[in-house]
Amino acid sequence: MSVVGLRRAVRESVSGLPREFWWLWTSTLVNRLGAFVATFMALYLTLDRGYSASYAGLVAALHGLGGVISSLGAGVMTDRLGRRPTLLVAQTATALSVALLGFMRDPVAIAAVAFLVGMASNASRPAVQAMMADIVRPEDRIRAFSLNYWAINLGFALSSAGAGFIAEYSYLAGFLIEAGMTLVCAVLVFVKLPESRPGGEDSPDASAGSGSVSLLTVLRDGRYMGVVGLSFLVALVFQQGYLGLPVAMGEAGFTPADFGMAIAVNGVLIVVLQIPVTRFIEHRDPGRLLVISSLLAGYGFGLTAFAGSVGVFALTVCVWTLAEIVNAPTQTGLVVRLSPVHGRGRYQGMYTMSWAVASLVAPLMSGFVIDHWGAEWLWGMCAVVGTVAGLGYGLLMRRLPEEELPQKEVVVVEKAAEVSAS
């Protein structure tokens with residue numbers, strides 16, 4: 001592709017999105033640039049504080065459990081209180097709890113505060129996704145979710161590199177930097193993002209509309225809960241890139257540096273390919289895309305059983321990374337498509353919970369399988385799970401209803417476009 005063609009492709013990928021989206025996108029990027037705890041928590045506990053690997057695993061599990069609990073609560077807050085207040089509360093709480101964690105020394109206190117960090121940090125996700133769905137036109141949502149996912153990975157890649165240098169100087173500095181950048185996000189949300197909840201905060205139908213959708217409504221939505229279950233299966237597979245893969249490579253005699261080289265391919269490919277791949281898939285059938293991405297994920301990890309060199313490991317990472325690039329925006333767009341307008345927070349909360357539960361189950365699954373049967377069985381199970389998820393999406397999405405834009409949502413989108421143009 002020529003330079004002119006590349007510029008045109010980039011311009012078409014980012015054009016037409018409202019100004020509010022870009023502030024939300026900036027908030028996401030800044031948040032991920034400060035992601036220190038998620039990257040270096042295990043090293044901090046084992047190397048700096050001198051605790052055992054088992055204790056580090058317990059703290060990670062409590063962090064994940066906090067995310068599971070907050071997913072549904074944050075979804076309800078997003079619908080009842082609004083997107084903006086939920087984001088403000090969640091990000092402020094994250095900043096305060098992360099800063100507090102850096103000063104904790106007692107093991108019980110560390111575990112308790114890590115649980116709070118998990119709750120606070122995960123609470124913003126339903127609000128972000130619901131707000132993004134509110135302010136972006138339906139035909140642009142896949143592109144918007146893809147750009148947001150690209151910002152997450154770009155920020156994480158840069159923060160991981162920078163966090164390594166910060167950790168050599170001071171782990172406490174890393175905690176405080178993350179707290180400060182998260183607080184910046186909270187201020188950014190408060191100053192730049194108006195409430196986007198359909199109907200408006202003060203309109204008569206706002207509270208009535210949100211009250212008509214409860215968590216029980218979500219649980220009774222069979223098609224949607226099927227999507228949540230399949231999302232959980234796919235998440236179990238993707239988690240193995242950061243759980244099963246390093247353990248398996250270590251047992252095979254490869255060094256941490258070897259794993260770092262292999263897994264770095266994931267971040268590089270997402271940053272390079274996310275936008276062009278999204279341009280290719282954004283108007284294609286989501287059911288078919290989810291089937292393909294599930295199979296690519298399952299068999300990408302399945303091929304790891306035959307890897308004997310860093311190069312081959314990197315090739316398998318390429319396969320499941322392509323699945324991740326396709327799955328992430330498509331899955332999020334499908335969640336919005338199946339969610340009622342006034343229930344987006346609760347629906348997004350349930351979807352977020354599927355990934356949070358997977359982050360709890362995946363470490364237990366990978367450790368048990370590798371210890372008792374070997375890594376080859378883990379990779380075979382990934383292939384099976386990916387196949388089951390692909391078949392599930394194929395059956396569930398067979399009669400996917402045409403996407404319709406409710407009248408109230410038309411008003412929200414038009415208002416967002418007017419603000420963006422002003």
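The values are calculated or read from the model by the stated rules, or taken from the named source; none is laboratory data. Keep in mind that what you see is a predicted model, and the values were worked out from it rather than measured. Here the Cβ is made from the backbone with ideal geometry for all residues, glycine too, and neighbour counts use every protein chain on show.
Among the residues of segment 328-343, how many are part of a helix (DSSP H, G or I), aliphatic (A, V, I, L, M) and closer than 19 Å to L233 by Cβ? Residues in segment 328-343 being part of a helix (DSSP H, G or I), aliphatic (A, V, I, L, M) and closer than 19 Å to L233 by Cβ: 3 in total.
Select from segment 112-157 the residues that are free of Cβ contacts under 8 Å to residues at least 60 places away in the same chain, buried (at least 20 other Cβ atoms within 10 Å of the Cβ) and aliphatic (A, V, I, L, M) and write down the one among them that is nearest to G180 (Cα to Cα). Across segment 112-157, the extreme among qualifying residues is A120. Restricted to segment 367-396, and to residues there that are β-branched (V, I, T) and within 12 Å of Y299 (Cα to Cα), the residue that is surrounded by the most Cβ atoms within 10 Å (Cβ to Cβ) is V385. L17 satisfies every condition listed in (1) part of a helix (DSSP H, G or I); (2) closer than 23 Å to Y149 by Cβ; (3) not small (G, A, S) except (1). Only one entry in V113, V98, V108 is in a helix (DSSP H, G or I), out of contact with any helix residue (DSSP H, G or I) (no Cβ under 9 Å at 6 or more places or on another chain) and either aromatic (F, W, Y) or modelled with pLDDT of 90 or more (or both), namely V108. Just one of the listed residues (Y51, Y55) is farther than 21 Å from M131 by Cα, more than 16 Å from the chain's Cα centre (by Cα) and either part of a helix (DSSP H, G or I) or modelled with pLDDT of 85 or more (or both), and it is Y55.
Comparison of V218, V228, V234, V213 shows that the only residue that is in a loop (DSSP other than H, G, I, E, B) and over 16 Å from V369 (Cβ atoms) is V213.
Candidates in segment 244-262 are the residues that are surrounded by fewer than 19 Cβ atoms within 10 Å (Cβ to Cβ) and touching a residue at least 60 places away in the same chain (Cβ under 8 Å); of these, the one that is nearest to L364 (Cα to Cα) is V247.
At pLDDT 95 or above, farther than 23 Å from E282 by Cβ, touching a Leu at 6+ places or on another chain (Cβ under 7 Å) and in a helix (DSSP H, G or I): is that true of V388 in this structure? Answer is yes for this residue. Of all residues in segment 67-106, those being over 15 Å from P126 (Cα atoms) and either of a type outside the set (S, T, N, Q) or surrounded by fewer than 18 Cβ atoms within 10 Å (Cβ to Cβ) (or both) number 12.
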